[in-house]
1. Have a look at 375, 349, 403, 364 and point out the one that is in contact with a Ser or Thr (Cβ under 6 Å, 6 or more places away or on another chain) and part of a strand (DSSP E or B).
2. Take the conditions modelled with pLDDT of 85 or more, within 16 Å of the ligand (Cβ to nearest atom) and surrounded by 15 or more Cβ atoms within 10 Å (Cβ to Cβ) and apply them to residue 84. Does it pass?
3. Scan 144, 154 and give me the residue that is away from the ligand (no atom under 14 Å from the Cβ), without any contact (Cβ under 8 Å) to a residue 24 or more places away in the chain, of a type outside the set (Val, Ile, Thr) and over 20 Å from residue 241 (Cα atoms).
4. So, residue 372, is that one touching a helix residue (DSSP H, G or I) at 6+ places or on another chain (Cβ under 7 Å), within 26 Å of residue 446 (Cα to Cα) and in contact (Cβ under 8 Å) with a residue 24 or more places away in the chain or not?
5. Filter segment 301-341 for residues that are surrounded by 15 or more Cβ atoms within 10 Å (Cβ to Cβ), hydroxyl-bearing (Ser, Thr, Tyr) and not in a strand (DSSP E or B) and give the result.
6. Considering every residue within segment 50-73, establish whether at least one is modelled with pLDDT under 90 and of a type in the set (Lys, Arg).
7. Pull out all pairs, ordered by first then second residue, where Cβ-Cβ is under 8 Å, the residues are six or more apart or on different chains, the first lies in segment 168-184 and is free of Cβ contacts under 8 Å to residues at least 40 places away in the same chain, and the second is not aliphatic (A, V, I, L, M).
8. Cβ-Cβ distance below 6 Å, separation of 6 or more or different chains: which pairs start in segment 93-104 with a residue that is within 12 Å of residue 241 (Cα to Cα) and outside the structural domain of residue 239 (by TED's automatic domain parsing) and end on one that is more than 16 Å from the ligand (Cβ to nearest atom) and small (Gly, Ala, Ser)?
Amino acid sequence: MAQRGVLVISVEPGSLAEGAGIKAGDTLLEINGEKVLDQLNYQFLMSQKDETMLRLERPDKSLFEVSAENGGDGIGLDLAQDDVKICKQNCVFCFVHQMPKGYRKSLYLKDEDIRLSFLYGHFSTLSSSDDAELSRIVRERLSPIHVSVHCTDPDVRVKVVGNPREGDILRKIDRLLEGGIDVHTQAVIAPGLNDDWVWEKTLRELWERRAYQSKGKWAGKGGVLSLSCVPVGLTAHRENLPEVQDVGADYAQAWVKRWTKEARHYAAANEGEPWLLLADEWFTRGDVQVPGRDFYSESWAQLENGVGLVRKFLEHTRRFIKSDKAKRFKGRKAMLLTGSSFAPILNRVLAQLNREVGSQLRAVAVRNNDFGESVTVAGLLTGRDLMYAAHADRDTKGPVEAVVVPSASLRTHTGPTDQYTLHGVIVARAEGTFLDDMTLDELTEDLQTPVVPSGANLSQLLDHLEAAERTSGISSRDLQKAFHKTGMNLPQGAYNP
Ligand code: SF4
């Protein structure tokens, strides 16, 4: 059932809303006669006129109206989090279907929401976007949107997304482009399914719609800003699922060889702006060096999608190692736990840092026992796996002063990945917990050694180690607070190619 209005969570003291008599617990139903759908829609409707008429409902169901002059910072209403939408697809490689059993409920949510796509760069297959929603995207200028295309051939797409009604993705994309919306796109490549001619067709048809196209049918419209290709990710938990071939090292190497060259041609034909993007996982799985800085866009397009994380880390490291700050690593002895795909790269970087400044840092490749060995990224490591790896490394190589865990495995922020509302109920993950609900405190206690999150680069790691030193003897929850005080939000993406 459609949500009826949006709940007011709080009203800023002294605000226009408070002056108008709006209270926490009221429900905002309409603005200037239009139904309010969610927070984004609220902001849009409020921006339409200087003078707005709001229709609300009290908890006792009585209705009232207030008029408010819309100030630059809004009128001081804090509205409830939106219910996330659930996808209607059944993709053959859906990660949620391949999750081991027994984790918390929020990890099994198949969210697919154009609001998250617009706000946070989540990819959507547009399965829950009907014509009304596409019109809304256009009207509210929710641009750019991130779309999981996977392939443009309708027959193959039906197989890939497991939904007979969702073959024709180009119809939806064209509707957005015609409305002036730009689109970032991605294709998850499953060998034998949507590679080969299917991929080439996808590439051709999306390239025709690229943003920098200045002539022809698409002139003056929105455009496809980028197309990334990402190798399929399979876990050890694919019971009763369609057979999907994995991307092995040979396949990844062949892909890199052909498509990095093609990607440079596309960039050259696109006014120098990289358009065809290869996820880092192609390089790490194929054990091939990632390309230089010029291979990636100025703005690191699709970084959140794993495109360019390794290069960005290496670029930062190159500068950092020469800095005065790097010298503060001198004498530090720590193990850095990370996914097996990133460990060799990190080891090379640490060897260089150790040589330059006299530190004793070592990278430890953590085997993913929960999801299966084929899962090699840091973001899917559980507290349990990190704990086993830390013990094993310490038993063979001796004690360290600190154990560093990938920030990506922690989700200490309260971003959309870990906080949803479903039918009005917030399904959230506690701060400082790993996927399996183990906390930083528990891991610290088990290892009897300070455990610190990596941060996004070596500079942040150093800040975290120093913060841990200053606060040694206190709980890691307090440590988290100390990190927050330093302005570090322990971002995702660290060591997470
Ligand atoms: S759209 Fe995403 S969440 Fe939905 S089935 Fe496909 S992969 Fe899973």
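1. 403
2. no
3. 154
4. no
5. Correct list: 317, 340, 341.
6. No: segment 50-73 contains no residue that is modelled with pLDDT under 90 and of a type in the set (Lys, Arg).
7. The qualifying pairs are 168/154; 168/157; 170/152; 170/205; 174/209.
8. Sorted first by the residue in segment 93-104, then by its partner, the list stays empty.
The values are calculated or read from the model by the stated rules, or taken from the named source; none is laboratory data. Here the structure is a predicted model, which means the values were calculated and not measured. Cβ: placed from backbone, ideal geometry, glycine included. Neighbour counts: every protein chain shown.
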